[in-house]
Amino acid sequence: MHHSLSHRWARLVTRHWWLILLGWVFVAITLRLAAPPWNDVAYDGDFDYLPAQMSSVAGGKLLDQAFPGERSRSQIVLVLARQSESMHKNDQIVGLDLLRRLYHRLGEVSWQRAIENGYQQGMPAEDDPAAPWVTLALEAFGHSIEADKRFYESIADSVPDDAPTLTQPRMAIAYWDRGRLLETIGDSDEAVEKDFEAALVLMPRLPTEAVPIDQRPLVGWKPMLDVLSWDDRVIGSRLRKDGARLAVMQLSSELAATGNIATIEAVDTLIDDVLAYSGHLTEPGLELLMTGSAAIGGETLMAARDAIRYTEWITVVMILLILAAVYRAPLLVAVPMISIGFAVLVSTSLVALLTGWSINQTVPRLDMRIFTTSRIFIVVILFGAGTDYCLFLIARLREEAAKAPWVVACRNALSGVMGALFGSAMTTVVGLGMLWIASFGKFHYTGPIIAICLLVGLLVCTTLTPALLRMIGPVAFWPSKVTTETPKNLSLFGDPKGDSSSGGIWSWIALMLTRRPMATLVLGLLVLGVPAVYGFRNEDAVTYDFSSQLNHSAKSRQGLRALSQHFDIGEINPVTVLIVQKDETPRKEFEKQIKSLAKSIYSIDGMLTVRTSDDPLGDFPPDRDMGLLTSDAWKRRALRNHRVAKRYFFSSRPELENRLARLDVVVDGDPFSIETAQLVSGLGDTLHAMSADPESVIGGAEVLLAGTTPSIIDLRSVTLSDNRRIKIAVVLAVFAVLVLVIRRLGLCLYLIATVLISYYATLGLTLVFFKAAYGADFVGLDWKLPLFLFVILVAVGQDYNVYLVTRIVEEQRKLGWLAALRRAVSRTGGIITACGLVMAATFFSMTASAWFPPLARFFNPSMVSDGTSLRGIVELGFALGLGVLIDTFYVRTILVPSFVAAMGKRGSR
């Protein structure tokens, strides 16, 4: 920032400090009242933010169009199992208790969905959108009552003496609800009365306790579309094994949708109720666990929620401790904390308000989104950068206050650091802003949001902070005193009141660096180059496996292990293949084509089963013989008429009828793994080749793949492309800011080179650390880590270089290059070290969810509830903290000064 502009800004702030204080209070209160709560406008999920042209996104939209309101986008799988042994006879008691409750929930949700589709009374017509939901509600209540009867027969001799409730010991509410629905439909009075009578016998006070169906909140259950269980007479055989039983809840929500948290909590409560009521009625060793894509996604979001909470609190505590250690002055601790508190409050309220306006289209063309995990980055970067800005301003104020009256000192301090603060902030703002060019939505929105918050933080620290210091006066340094005898310099080492210009560790470092600069530079680059080469060669050692984000204690991973012991994991997450013919084809001919296509898919490597309208469960591959009168033939006919097959494989929408067909392909392997992704890519390549061949059964047809694995394939493709473009853009943008601020081309190129080496070295060391920490469980770093680490390190990592170099340039106006270098290093050493420790501490606070809960439970078992850490956030927090420490103690301390010294006058130009 131009010197005269800085001086005018400083004069304005110090003169009208009281107006600034009042103004910030007014802005903070106004925005807080106007802005919606963060969680009300925060989005989540990853697949929803892929570009519209990706196959999985286009396939998902086509599914929504072809099967409106019926598309299952994720699942929760309830696993009832024993490890290494067969199911016991009494295990069915627990299973039936689960099913009677679960099917009743399905009936409630289906009835509410029918009402949402306009249902009021009578039997809806077949083409009425409410019709399938009314039918499903009746079936679900029927399943619940049937399971309830068998359950009660099993426990008749051991029924507790407790007063009956809506669901215990009998499902009285299921009889009541079915009676109400039959009455609404207009069924026979006899059937209605029979259900009402049964309900009242089971629980006489039921009419006073039963809430009308349209008034039941059903929190967490709303996304449920269907339940497929081992108890189903037709499809149950595929969900039963000797040692396990499965119940699959099909959900309309994406696997990482924020609402899945409520669904997970609701299912958890259901499991607890089942185990509490009937778990003791069978032998020990039976497990009832939850897994599936929605369970993994929901637990990931819950872990992120915990990570945000821990990060915010640990960040505040760490900043307080560091400020107390640095200043040993309570008011100097309070000023930065107040300033950053305002910055966080104002910036988060501002972006939440803007996002609300964007969602509601209050402001035309405004396009903003915030995410649950964005808050972690905002809090950490604002606390880290904001504290750094305050530290630099206060350090300069300490120097100036030793030479001039307080008002003048405040003005001169702000004027003196404005250029460095502006340059430092702009490298970060511009670097993060470059994420706007990303195709992946979460990158596209997150970077600019953090940049906006950082600009607010810079404005706060250059207005509110000096205004507070101007108001408090020299007493801010109490119990120390500011005198005009000697200039004071902040240092983390030695006496904070000492004069580092005449001695101290930073003067010694400056002297050593300027004696043998070339040797120091070469050796320094070699030492950092070793891990940097390793990081460069393994930059793509990342994983897109969502389940590996959670540690082994996570319930969904426990359930996944139990499931994989008895079933193929791919069974619950098939790949959906959509075939769209250009022209309408007669149904019989279309079915024949799809049957032929299924036969071709079976020949592709890794394809286990193909589910079609002709074979809804994939039980009858081409090599399986079947006579017309065998039981298998009966089962196949029954399957075709089951609700699983009806309205599922062919669309009834007029524009797609007899044109669109759906196949579900079960692939051999974990849906989240790279190996499975390669198999699915092979499937896609084969199908696209067939569609390009006019002679094939799907010649000329459009082929789309949807589902978890195709989404991960597209996510990988998009993010790898984004990574390359964003890295180039960030480097160029930060370089441009450096040239603008420092005006030394050669030095700016070198500064960019140092942060690139620092990035790769940090990545290499992070890989080594987590390989050792996770052992055999390590499958790669989180896929988001390299990009966020690169952008933040390249942007934030330049802060300390800018602080140092701008001071060198300032000192050169009065001294020669060598003296200017030594003086700049000695004068800024302590403060930059303090800033680096603050920033590193805030980043390391992101790892708190991994170590704080067990530590807290060690001292007080009831203090922190059980939870699970999110590996991606822990890994990123560790990497960012490590990278900042490398920048602070190695790059800025050794590589930058030694380069300036080695280049001499030529390097300082």
**Prompt:** Which is of a type outside the set (A, V, I, L, M), assigned to a loop (DSSP other than H, G, I, E, B) and within 25 Å of Thr263 (Cβ to Cβ), of Pro51, Pro36?
**Reply:** Pro36
**Message:** Condition check: out of contact with any Ser or Thr (no Cβ under 6 Å at 6 or more places or on another chain) and either modelled with pLDDT of 90 or more or surrounded by fewer than 17 Cβ atoms within 10 Å (Cβ to Cβ) (or both). Does Ala692 satisfy that?
**Reply:** yes
**Asked** Pick from Leu255, Leu206: which is farther than 15 Å from Leu99 by Cβ and surrounded by fewer than 21 Cβ atoms within 10 Å (Cβ to Cβ)?
**Response** Leu206
**Complete:** Pairs returned, first residue in the range 855-875 that is assigned by TED's automatic domain parsing to the domain that holds Ser374, second residue that is modelled with pLDDT under 80 and surrounded by fewer than 14 Cβ atoms within 10 Å (Cβ to Cβ), beta-carbon separation under 6 angstrom, 6 or more apart or interchain, are Ala856/Met863; Thr868/Ser553
**Item:** Cβ pairs under 7 Å, 6+ apart, first in the range 789-800 and in contact (Cβ under 8 Å) with a residue 40 or more places away in the chain, second of a type in the set (Lys, Arg)
**Value:** Phe790/Lys727; Tyr800/Arg892
**Prompt:** Applying the selection to the range 780-813, what residues are in a loop (DSSP other than H, G, I, E, B) and farther than 17 Å from Val417 by Cα?
**Reply:** Gly780, Trp783, Lys784, Gly797
**Message:** I need every pair where a residue in the range 534-560 that is under 19 Å from Met302 (Cα atoms) has its Cβ under 8 Å from the Cβ of a residue that is among the aliphatic types (A, V, I, L, M) and assigned to a loop (DSSP other than H, G, I, E, B), sequence separation at least 6 or different chains.
**Reply:** Asp545/Val779; Phe546/Leu255; Phe546/Ala256; Ser548/Val779
**Residue identified as part of a loop (DSSP other than H, G, I, E, B) and in contact (Cβ under 8 Å) with a residue 24 or more places away in the chain among Gln112, Gln168, Gln92** = Gln168
**Message:** I'd like the full set of residues that are of a type in the set (Asp, Glu) and modelled with pLDDT under 90, limited to the range 215-240.
**Reply:** Asp232
**Prompt:** Looking at this structure, is Ala58 at pLDDT below 85, buried (at least 17 other Cβ atoms within 10 Å of the Cβ) and out of contact with any helix residue (DSSP H, G or I) (no Cβ under 7 Å at 6 or more places or on another chain)?
**Reply:** no
**Given (1) free of Cβ contacts under 8 Å to residues at least 40 places away in the same chain; (2) of a type in the set (A, V, I, L, M, F, W, C); (3) surrounded by 24 or more Cβ atoms within 10 Å (Cβ to Cβ), index of the condition Ala772 fails** = (3)
**Message:** Exactly one condition in (1) hydrophobic (A, V, I, L, M, F, W, C); (2) closer than 24 Å to Arg653 by Cβ; (3) in a helix (DSSP H, G or I); (4) not assigned by TED's automatic domain parsing to the domain that holds Ser144 is false for Ile29; which is it?
**Reply:** (2)
**Asked** Looking at this structure, is Ala385 in a loop (DSSP other than H, G, I, E, B) and either assigned by TED's automatic domain parsing to the domain that holds Ile792 or aromatic (Phe, Trp, Tyr) (or both)?
**Response** no
**Message:** Looking at Val201, Val211 in this structure, which one is in the same structural domain as Ser110 (by TED's automatic domain parsing), within 25 Å of Trp133 (Cβ to Cβ), surrounded by fewer than 16 Cβ atoms within 10 Å (Cβ to Cβ) and at pLDDT below 95?
**Reply:** Val211
**Asked** Is it true that Leu225 is over 18 Å from Ala114 (Cβ atoms), under 36 Å from the mean Cα position of the chain (by Cα), buried (at least 19 other Cβ atoms within 10 Å of the Cβ) and among the aliphatic types (A, V, I, L, M)?
**Response** no
**Asked** Out of (1) within 29 Å of Leu882 (Cα to Cα); (2) at pLDDT 80 or above, what's the single condition that is false for Ala476?
**Response** (1)
**Request:** Give Val159, Val134 a once-over and let me know the one that is farther than 18 Å from Tyr277 by Cα and either among the hydrophobic types (A, V, I, L, M, F, W, C) or more than 41 Å from the chain's Cα centre (by Cα) (or both).
**Result:** Val134
**Prompt:** Looking only at residues in the range 596-635 that are modelled with pLDDT of 80 or more and farther than 27 Å from Gln678 by Cβ, which one is nearest to the chain's Cα centre (by Cα)?
**Reply:** Pro616
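The values are calculated or read from the model by the stated rules, or taken from the named source; none is laboratory data. A quick note: this is a predicted structure, and the numbers were derived from the prediction, not measured. All Cβ positions, glycine included, derive from the backbone under ideal geometry; neighbour counts span all protein chains shown.
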